[in-house]
Amino acid sequence: MTKIEILVIGRHPEILQTVIRLVNNNPEWNATGCDSDEEAIATFTRRPFRLVLLGGGVEKESEDKLCNTFRSINPQITIVQHYGGGSGLLSAEIYEALDGRTSL
Amino acid sequence: MAQTVLHKAETRGHANHGWLNSYHTFSFANYYNPERMHFGALRVLNDDTVDPGMGFGKHPHDNMEIISIPLEGDLEHKDSMNNVAVIKNGDIQVMSAGTGVFHSEYNKDREQRVKFLQIWVFPDKKNVEPRYDQITLNADDRHNKLQQILSPNPDDAGVWIHQNAWFHLGKFDKGVSTEYNLKAKGNGVYIFNLSGDIKIDNQLLNTRDGYGIWDTDKFTITAETDAEFLLMEVPMLS
């Protein structure tokens, strides 16, 4: 089974790890976490992703830079804000994004 | 003309984890319903019962305004900002998760269960400095009138959050009626009926029913029986 690849970007290392663990609880999803813009852009350039989650601590300037860069590489990419920090909102956020109901 | 949405109590999501019995008005954890994602900035309304001696272990949050209202029993809170507190029936607790916090919540009592409302509101700004507060409310201040328990303003009654939101509690005797005037244009109000029967304009709400109303400046609340209810005015977002 090909898993849906999800890139998660967040500044708080422990919260980032929690989000990755919770995403990976779904056997159909595979999360990769990055805590810096440089690492996120390098990772996105190397591998195909279906969805990007922008987590806590990502400043507006970084958000704009990341969105522009990701969309220049893959215009179809879905990028959403993850609220709550690895919380009960995560699964619904991903389902909504994958169904095209939300995007930044 | 006012727009409305009715969420009957029995249509809520339900998860019984043994130690935790939770009813979700909006999609949460394993309950996912695309038609029940949020009401404006109101994202989570969980109606939780925690068994004696049990609770939520240390877990993170970020970028969310989290409000807890105990309805029965005491809940111990510990967080990464070094706050250790017990919230009990009559209190309201607020936490701005902002850039990130860890916390735990336990029912330390060995005999009595805890019932509380867990309410999450999207913040109006991201990555704020985390903060925690709790206050004790005077129950007399909501007898047959609306008691403001939350606002956007630190100097106003109740706790405050990073959002243009106002919450009120009411405990009305049968037959008492009042008008609620919305505070901000573009806001809506979600009414959660805690007990008894109330009418919002002509819509009857039974215990634990929820009702959203927006595109209006005001509405009337009438207690059809002795009743307690929570009004949550929030921006409707786009």
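None of the figures in this text is laboratory data; all of them are computed from the coordinates on show. Model, not experiment: these values are computed from the prediction. Neighbour counts run over all protein chains shown; Cβ positions are idealised from the backbone, glycine included.
Remarks
- Pairwise centroid distance, computed over Cα atoms, of segment A:43-104 with segment B:143-182, Å: 36 Å
- Space enclosed by the convex hull of the alpha-carbon atoms of chain B, per residue, Å³: 121 Å³
- Among the chymotrypsin sites (Phe, Trp or Tyr not before Pro) found in segment B:1-50, those both in a DSSP coil and sparsely packed, with 15 or fewer other Cβ atoms within 10 Å of their Cβ, are B:TRP19.
- Within segment B:62-193, percent of DSSP bridges classed antiparallel, to nearest 5: 90 percent
- Residues of type lysines that A:LYS65 reaches as a straight line, Cα spacing below 29 Å, ignoring anything fewer than 8 places off in the same chain: A:LYS3, B:LYS125, B:LYS126
- Shape category assigned to segment B:13-131 from the gyration tensor of Cα positions, a/c cut at 1.5: oblate
- Other protein chain Cβ atoms within 10 Å, averaged over every residue that makes up B:97-108: 3
- Size of charge dipole - the protein assembly as shown - debye, nearest 20, with Cβ of Lys, Arg +1 and Asp, Glu -1, no other charges: 640 debye
- Shielding by partners for peptide B:50-63, expressed as the average number of C-beta atoms from other protein chains within 10 Å of each residue's C-beta, is 4.
- Ratio of Rg to Rh over segment B:139-235 (Cα coordinates, Kirkwood Rh, two decimals): 0.95
- Rounded, prolate or oblate (a/c below 1.5 giving rounded, otherwise prolate when a/b exceeds b/c) for segment A:1-90 by Cα gyration tensor: oblate
- Fewest neighbouring Cβ atoms within 10 Å first, the residues B:SER27, B:SER80 line up as B:SER80, B:SER27.
- For the protein assembly as shown, a Kirkwood hydrodynamic radius built from all Cα pairs, placed in the Stokes-Einstein relation at 10 °C and 1.306 mPa s, yields a translational diffusion coefficient of 76 µm²/s.
- Taking a ≥ b ≥ c as the square roots of the eigenvalues of the Cα gyration tensor, an a/c ratio of 1.5 or more together with a/b no larger than b/c marks segment B:74-214 as oblate.
- Cross-link partners of B:LYS108 among lysines, defined as those whose alpha carbon lies under 22 angstrom from its own and excluding same-chain residues fewer than eight positions apart: B:LYS58, B:LYS78, B:LYS88.
- Largest to smallest principal axis extent of the C-alpha atoms in segment B:117-191, angstrom: 45, 30, 24
- Across segment B:111-238, the relative contact order, built from alpha-carbon pairs under 8 Å that are at least six residues apart, equals 25 percent.
- Contact order relative to length of chain B, as percent, for alpha carbon pairs under 8 angstrom and 6 or more apart: 20 percent
- Cα convex hull of segment B:37-100 - mean projected area over all directions, nm²: 5.1 nm²
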